[in-house]
Amino acid sequence: MIIFLKNAKVLSKSCDGMFDLLLNNGIIEKIFSCEDTPDSLVYDECIDLNGKTLIPGIIDMHVHLREPGYEYKETIESGLKAAVKGGVTTVGVMPNTDPVIDNEYLVEYLKMKSELYGLSEILPIGAVTKKSQGVELAPMINMAKRGAIAFSDDGNPVENAHIMLKALEYYKMTNRPIINHAEVKELSKTGFMREGEYSNFYGIYGIPSVAESIMVARDIELAKYTDAHVHIAHVSTQESLNLIKNAKKDGVKVSCEVTHNHLIFTDKDLKDYSTSFKVNPPLADEESRNTFIQALKDDLIDIIVTDHAPHADYEKEVEFQNAPNGISGLDTLLSSLLKLSIEEDISLKKLIEKVTYYPTRIFNLEKKGDIKEGYFADLVILNENETWNVNNKTVFSKGKNTPFMGMDLPGVVEYTFIKGKKVYSKEDVLV
Ligand code: NCD
Ligand code: ZN
């Protein structure tokens, strides 16, 4: 199947401007400047973008798909449908399911499911410890051999420093980073939102920011000692960023991510005690949020992720203290990047690179994350000028727990291609 995409406003790491693309057999075969395209091209289908935006398929490296075990929150299929609708073509999937993805057979199960649906590609993230209990290391080498892209006990921190040290030592054999959810539970367990002015004001027990940064400091020391790659999940404090900045200067193999929610919302937004804003780590204050935006511009923050954490309505419709942590995010990631580029002084190109090009650098992904000849034709046609309303119908994820609920957001995905195959088309769904 040969597809010709013409008059595309391409936005990617190495390609920026008006181009025509020829996709052949799942690969971007040729990229022409619009005026240089030969008349003699032969193709099966032509889509004229008329100047609409074309970006590489988004790579979201922090996603909870809930299957196996919590299908009532999300199934792999419902999660991937939300992904392709949101322009996300590759998902790094966290292992906190039931059973936990802590052996090679379960890694294979996820790979098999990925092929079965033919939607976004699943990159399984294996558990660091058996059942993510933090006691005994999981078989990381076997999991890496069968396709685990990284290791994490996300949802739980790796609390035991000895276990973390041992896990990092495996880096030499697996070449896969350890992603840690940095949280000192002794400091966080009595709180429900970020400690500060607004936790006092709203009367909700707070979580001090050092609950995160103390463990980030430990992980950096351990990564330095073992010369291994640690990736800090969902960074949410200025203290953590300072530590990461210094460690990067010292040549420590540390990388980090921020969620789109932490770039847009703050602790102040908890005014109505809506549990859709309850997430771990908690939303930060406005000053910190501004630091995150600056840290993206400076490339101190490597990538943006959703930390897509869908929950059932009945689980979230309880008192703030009793609600589970988590925000559903696959539907809203791309639109929130557009919103940020409009409202903050940060270019859309930079933001798109943070969800396409940079994840490929951190996780050693080949032929993805850029629009280049020879790369996989994972592509998203985006109408930047259209808006959509976030509601129960337009959110494809089973998890409707999003703080964007009710808002009008910029940016509508018209088509999503994965390896040259059209896996989503706006025309085919009633939104
Ligand atoms: C995540 C979940 O629900 O699995 N929740 C969350 O608030 N982020 C777990 C996690 O990423 O820590
Ligand atoms: Zn986490």
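Miscellaneous remarks
- Between 0 and 90 degrees, the angle of helix 238-249 with respect to the longest Cα principal axis of the chain falls at about 70 degrees.
- In the chain, a dipole from Cβ-located charges (positive for Lys and Arg, negative for Asp and Glu) runs towards its positive end, and of PHE19, LEU165, ASN383 it is LEU165 whose Cα lies farthest in that direction.
- Förster radius 25 Å - calculated FRET efficiency between ASN392 and GLU343 (Cβ-Cβ, nearest 0.05): 0.45
- Tail weight of P(r) past 23 Å, computed on alpha-carbon pairs of the stretch 2-102, percent: 43
- Whole-Å distance, taken between Cα centres, linking the stretch 87-137 and the stretch 337-378: 23
- Note that the stretch 57-363 shows a convex hull volume over its alpha carbon atoms of 115 Å³ per residue.
- Remark: the stretch 163-280 carries a charge dipole of roughly 340 debye about the Cα centre, counting +1 on each Lys and Arg Cβ and -1 on each Asp and Glu Cβ.
- In this Cβ point-charge picture (+1 for Lys and Arg, -1 for Asp and Glu), the stretch 57-363 has a dipole of about 820 debye about its Cα centre.
- Overall shape: oblate for the stretch 55-214, with the ratio a/c of the largest to smallest alpha carbon gyration tensor axis at 1.5 or above and b/c at least equal to a/b.
- Under 22 Å from the Cα of LYS6 - lysines, other chains or at least 8 residues apart: LYS30, LYS52, LYS85, LYS349, LYS367, LYS368, LYS372, LYS419, LYS421, LYS422, LYS426
- Accessible surface, the stretch 57-363, averaged per residue in Å² (probe 1.4 Å): 36
- Portion, in percent, of the accessible area of the stretch 57-363 that falls on carbon or sulfur, probe 1.4 Å: 49
- Rounded tilt (10° steps) of 286-297 against the dominant C-alpha axis of the chain: 50
- Cα centroid separation - the stretch 1-64 against the stretch 159-188, whole Å: 40
- ASN50-ASP98 pseudo-label distance in nm [points 7 Å out on the Cα-to-Cβ vector]: 5.0
- Under a Gaussian network description of the chain, with springs only between Cα atoms under 10 Å, the residue in MET405, MET94, MET164 that fluctuates furthest is MET405.
- Using alpha-carbon coordinates, inclination of helix 210-226 to the longest axis of the chain, degrees: 70
- Distance from the alpha carbon centroid of the stretch 269-311 to that of the stretch 202-229 works out to 16 angstrom.
The values are calculated or read from the model by the stated rules, or taken from the named source; none is laboratory data. In this text the structure is predicted, and so the values were computed from the model without any measurement. Counting neighbours? That spans all protein chains shown, and the Cβs are built from the backbone with ideal geometry, glycine included. Just the protein is used for accessible areas: all its heavy atoms, side chains included, with ligands, DNA and RNA removed. Shrake-Rupley method; radii C 1.70, N 1.55, O 1.52, S 1.80 Å.
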